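Colleague: Input: one structure, supplied below.
The values are calculated or read from the model by the stated rules, or taken from the named source; none is laboratory data. Being a predicted model, the structure only gives us computed values, none of them experimental. For neighbour counting, all protein chains shown are included, and Cβ atoms are generated from backbone atoms with ideal geometry for every residue, glycine included. The area values use the complete protein model at the heavy-atom level, side chains included, leaving out ligands, DNA and RNA. Shrake-Rupley method; radii C 1.70, N 1.55, O 1.52, S 1.80 Å.
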Amino acid sequence: MVLERWHVGPWTGRGTVEGEPFEAGVKRTPDELNFDVVGLSRILGRRQTTAEEMLMRRCQGLLRPTDPRVSGVETIADAEVAGQLAELAEVAFGWIAGQAPEGYEFVRTDAVELRPVMGLAAEVVAVDAVVQAAVERGDALPADRLAASQVRRSKAGDWYAGDAVCNWSGPYPTAEQAADAVRAARVELVNQLAEAGHDDLAATATRWPEVVTQQP
């Protein structure tokens with residue numbers, strides 16, 4: 001499976017770590033986060049066995065006794081069921097990790113997050129990784145936001161270059177024109193990196209992935 005729609009950052013709500021006090025309405029309990037991890041894997045396309053599906057239904061009843069509900073409150077009192085859910089969440093995250101786009105990786109901290117792989121010697125280097133490296137060195141460059149953009153179609157049928165939240169360029173009548181705007185920004189970013197003295201970052205441009213076009 002290839003993810004057509006993806007974004008850098010958290011893909012689940014954040015949760016409390018075992019032993020930490022709960023933060024109702026702010027962070028998931030550990031059981032709630034495990035439930036969300038398994039749910040995310042289903043959304044992304046992982047097929048569950050019958051036994052897994054029955055476990056999830058049972059956990060849903062235990063963790064979501066009311067609707068609407070406040071997150072960060074419910075736990076599973078049955079230790080055996082909670083352990084089964086934690087094991088399933090580990091399996092589900094392993095599957096999620098295998099779906100990461102080139103140049104990125106899924107990690108699980110207090111949430112499931114997608115991050116750019118920061119190794120600049122990698123075969124594929126995400127533009128996000130280059131941008132982050134430049135920022136860590138003290139340089140936020142004008143072309144970075146558009147250079148790291150994807151292309152997506154609006155409900156009206158126009159094409160834009162942007163991220164999961166904002167459109168940074170457009171509208172364009174075709175996807176290719178929107179992608180050309182991103183490619184032009186990448187050329188500008190290479191020049192800006194070189195001018196700022198980051199020749200090693202600029203040199204990774206030959207290993208940047210193609211501009212991603214999200215299918216409607």
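Colleague: Under 13 Å from the Cβ of G25, count the other residues' Cβ atoms, weight Lys and Arg +1, Asp and Glu -1, and hand me the total.
Modeller: Surrounding charge for G25 is +1.
Colleague: Ok, one more. Rounded to the nearest whole Å², what accessible area per residue is found for the chain with the 1.4 Å probe?
Modeller: On the way: 11630 Å² over 216 residues.
Averaged over the residues of the chain, the accessible area is 54 Å².
Colleague: Taking 7 Å along the Cα-to-C-beta vector as the label spot, tell me the A122-D180 distance in nanometres, rounded to one decimal.
Modeller: 3.1
Colleague: Tell me the label only: which of (i) 1.05; (ii) 1.20; (iii) 1.25 is Cα Rg over 2.2 N^0.38 Å as calculated from this structure?
Modeller: Answer by label: (ii).
Colleague: Within the range 123-176, report the GluC sites (Glu not before Pro) that DSSP leaves as loop and that have at most 12 other Cβ atoms within 10 Å.
Modeller: In loop regions of the range 123-176 (DSSP not H, G, I, E or B), the sparsely surrounded GluC sites (Glu not before Pro) are E123.
Colleague: Sticking with this one: Sort out for me the Cα centre separation of the range 147-216 from the range 72-108, rounded to whole Å.
Modeller: The two parts, judged by their Cα centres, are 32 Å apart.
Colleague: For the chain, what proportion of DSSP beta bridges, expressed in % and rounded to the nearest 5, is antiparallel?
Modeller: Looking only at bridges with both residues in the chain, the antiparallel portion is about 90 percent.
Colleague: Determine, from the Cβ-Cβ distance of E18 and D199 and an R0 of 30 Å, the FRET efficiency 1/(1 + (r/R0)^6), rounded to the nearest 0.05.
Modeller: Plugging the Cβ-Cβ distance into 1/(1 + (r/R0)^6) gives 0.10.
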